[in-house]
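First comes the structure, then the notes that go with it.
The values are calculated or read from the model by the stated rules, or taken from the named source; none is laboratory data. The structure presented is a predicted model; accordingly, all values stated were derived computationally and were not measured. So basically every Cβ, Gly included, is an ideal-geometry build from the backbone, and we count neighbours across all protein chains shown. Each accessible area value is taken on the protein alone, full model and side chains, heavy atoms only, with ligands, DNA and RNA left out. Shrake-Rupley method; radii C 1.70, N 1.55, O 1.52, S 1.80 Å.
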Amino acid sequence: MSTRHIKPDDIAAPIDIRLVPAAGLTAAVCFVMPQMSSAWAQYLPLLLVLVGTSAVVFIASFRRRNSFVYCILLLAIACWLATPAAFLTHQQRIAAEESGWSDFISDSGTATMSVRLVTDPVERDGPFGANWFVTAEVEHFGRELIPTPHPAKIVISADETWAELTTDDYACFLGRVTDTDATVFVQAMNAAQPGGCSDGLTTPTMNGRDVLRSTLRDEADQTVGYGPDLLPGLILGDRSQQSETIDEAMKVSGLSHLSAVSGAHTSLIASAATILFRSLRLPRPIVIAAFLGTLLLFVQIVGMQPSIIRAAVMGAIGAWAVFYGRGAQALPILALSTIIILTISPELVHEVGFQLSVAA
């Protein structure tokens, strides 16, 4: 078959997979280390450094560069890039053991907890009436309010007193650990006390983010049909207004991802901002700064959800690549984003939202 009509531009560029082993190893290390015994986990960062260094020494003995040598080089790079995440994961594990949090959840204990809400409370019907579920980060726990300088995320099952709270609010309550399989579930034994446990009874303050999200809910209430349930989720990922019936229907129809803010929302917002600033004929450095600022503002409004963090980091890296004239292939950007995110917050590897966002 003749190939004279094929132009160089018609040939797709090869897929860059050089960072994929590093991303996979980083994710594996973050996922496995919490399950390992302390005796083995403490040596894993050192093992990664030794393997990476040994691989470089092994490569130096070869005069010819072939595919085998390049594979060994990728192994060395993967070990070095996974080392910071392994070290941070080990330090978090030590902090959790020293604070007593690990023993507390393993014993299914009951204690006073001071938490910061990560998501808005969502109402769900149960056999004994409605319950509100909310994800929160534990700031202090126990009678002496022991601080938790490590990730301590829980899912709270509570009563209607939690319905008035929103993301980033603080609350104090008496909780009992009910399940610690993959996620720590806690049953609230009393009503929510707004504010931290040491602050006394306070009224949660409304910031600009809360006002914006509340205004969107109020405007959505003026629409017809399923608009009040769906619009807050479609725009800002706010599922607090979705009934259990709508939530189940979205899952059955395979449309539940529409109310999970991720890459599509980020692309639309950032693209609109870029078009606006480019139409003003601003210099490219100002446009890229405005692009990154828009991403940061959007993440702040939506909340620090795993899917939006992944999308924002990928968008930022892709923007820098285009700005400096580099290729913007999705796979290497995704791999680099995964490495950066897990190096900063290795506990996200256990979040289903982060796993699905990366896989999608």
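What the table shows:
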{"read-out": "Whole-Å distance, taken between Cα centres, linking region 279-299 and region 26-51", "value": "39 Å"}
{"read-out": "In degrees, nearest ten, helix 20-32 long axis to first principal axis of the chain (Cα)", "value": "30 degrees"}
{"read-out": "222 nm mean residue ellipticity, helices alone, for the chain (DSSP H n ≥ 4; -39,500 (n - 2.57); rounded to 500)", "value": "-16500 deg cm²/dmol"}
{"read-out": "Cysteines in the chain lacking a second Cys C-beta under 4.7 Å", "value": "Cys30, Cys71, Cys79"}
{"read-out": "Among Phe323, Phe104, Phe31: highest mean-square fluctuation, GNM of the chain, C-alpha pairs under 10 Å", "value": "Phe323"}
{"read-out": "Between helix 330-344 and the chain: long-axis angle, C-alpha atoms, 0 to 90°, nearest 10", "value": "50 degrees"}
{"read-out": "Mean separation of Cα contacts under 8 Å, 6 or more apart, over the residue count of region 31-161: relative contact order %", "value": "19 percent"}
{"read-out": "Over the chain: Rg over Rh, Cα atoms, Kirkwood Rh", "value": "1.02"}
{"read-out": "Under the Karplus curve 6.51 cos²θ - 1.76 cosθ + 1.60, θ = phi - 60°, whole-Hz ³J(HN,Hα) for region 155-168, x wherever Gly or Pro sits", "value": "10, 9, 9, 9, 9, 5, 5, 7, 5, 7, 8, 9, 4, 6"}
{"read-out": "Where only C-alpha atoms are counted, convex hull volume of region 112-170 per residue in Å³", "value": "81 Å³"}
{"read-out": "Full-stretch length increase - Ala182, Leu282 - with 0.36 nm per residue and alpha-carbon distance subtracted", "value": "31.1 nm"}
{"read-out": "Among Leu295, Leu50, Leu230: highest mean-square fluctuation, GNM of the chain, C-alpha pairs under 10 Å", "value": "Leu50"}
{"read-out": "Where only alpha carbons of region 278-360 are counted, the Rg and the Dmax (Å)", "value": "13.7, 44"}
{"read-out": "Most to least accessible of Trp162, Trp132 (protein chains only, probe 1.4 Å)", "value": "Trp132, Trp162"}
{"read-out": "Ellipsoid equivalent to region 42-104 - semi-axes via the Cα gyration tensor, in Å", "value": "35, 9, 6"}
{"read-out": "Candidate residues Arg284, Arg93: accessible-area rank, largest first, probe 1.4 Å", "value": "Arg284, Arg93"}
{"read-out": "Between 0 and 90°, nearest 10: helix 306-323 axis offset from the chain longest Cα axis", "value": "30 degrees"}
{"read-out": "Among Thr119, Thr215, Thr343: highest mean-square fluctuation, GNM of the chain, C-alpha pairs under 10 Å", "value": "Thr215"}
